[in-house]
Amino acid sequence: MANRVVTQDELKHWGILGMHWGLRRFQKEDGTRTPAGKKRDVINSEDHDKTRENRSKTMAGLSNDELRKVNERLQLESVYNNLTAVKIQKAESFVMKTLKASGGSALSTIATGVFIGAAKILIQKLSPTFAEAAFAMKPVKKP
């Protein structure tokens with residue numbers, strides 16, 4: 001086999017040995033999951049599964065105990081989501097403050113450089129000898 005040079009605009013992909021097109025790694029040909037694929041599935045708690053079943057029933061179809069458990073589970077999930085949302089809001093505000101502060105200082109540094117450069121050019125146009133002495137700028141030759 002001859003040596004071949006691979007260029008930057010060439011894409012090579014060999015995939016996974018033994019894989020077939022259109023089949024997922026943890027899936028049999030009929031679409032069912034392999035034992036390894038079943039391990040990868042998300043495992044919900046029993047409380048979650050029971051609450052999900054009971055939520056599909058009407059209120060009249062639930063016993064007092066089932067209704068109490070559904071309400072308790074929903075309240076716990078709501079509190080958890082609210083606490084998580086507070087943490088996310090605090091993190092977002094910290095990131096925004098940091099970006100604003102660093103962005104502001106970067107913009108002021110850039111603006112200062114631009115203004116100093118513009119001032120030097122203006123002084124050079126007004127008084128080339130002063131610009132040469134003050135900023136070591138050589139006179140601009142006119143075409």
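What to note about this one:
- For the condition under 30 Å from PHE135 (Cα atoms), surrounded by fewer than 11 Cβ atoms within 10 Å (Cβ to Cβ) and aromatic (Phe, Trp, Tyr), PHE94 does not qualify.
- Residues within the range 56-101 that are of a type in the set (Asp, Glu) and over 19 Å from SER45 (Cβ atoms), tallied: 1
- Only residues that are under 26 Å from PRO139 (Cβ atoms) and either of a type in the set (S, T, N, Q) or in contact (Cβ under 8 Å) with a residue 60 or more places away in the chain (or both) were counted across the range 103-128, and they come to 3.
- Residue that is farthest from the chain's Cα centre (by Cα), among those in the range 25-70 that are outside any helix (DSSP H, G or I) and surrounded by 12 or more Cβ atoms within 10 Å (Cβ to Cβ): LEU62
We did not get these values from a lab; they are worked out from the coordinates using the rules stated. Remember, predicted model here, so these are calculated numbers, not experimental data. In this analysis, Cβ positions are derived from the backbone assuming ideal geometry, glycine residues included, and neighbour counts consider all displayed protein chains.
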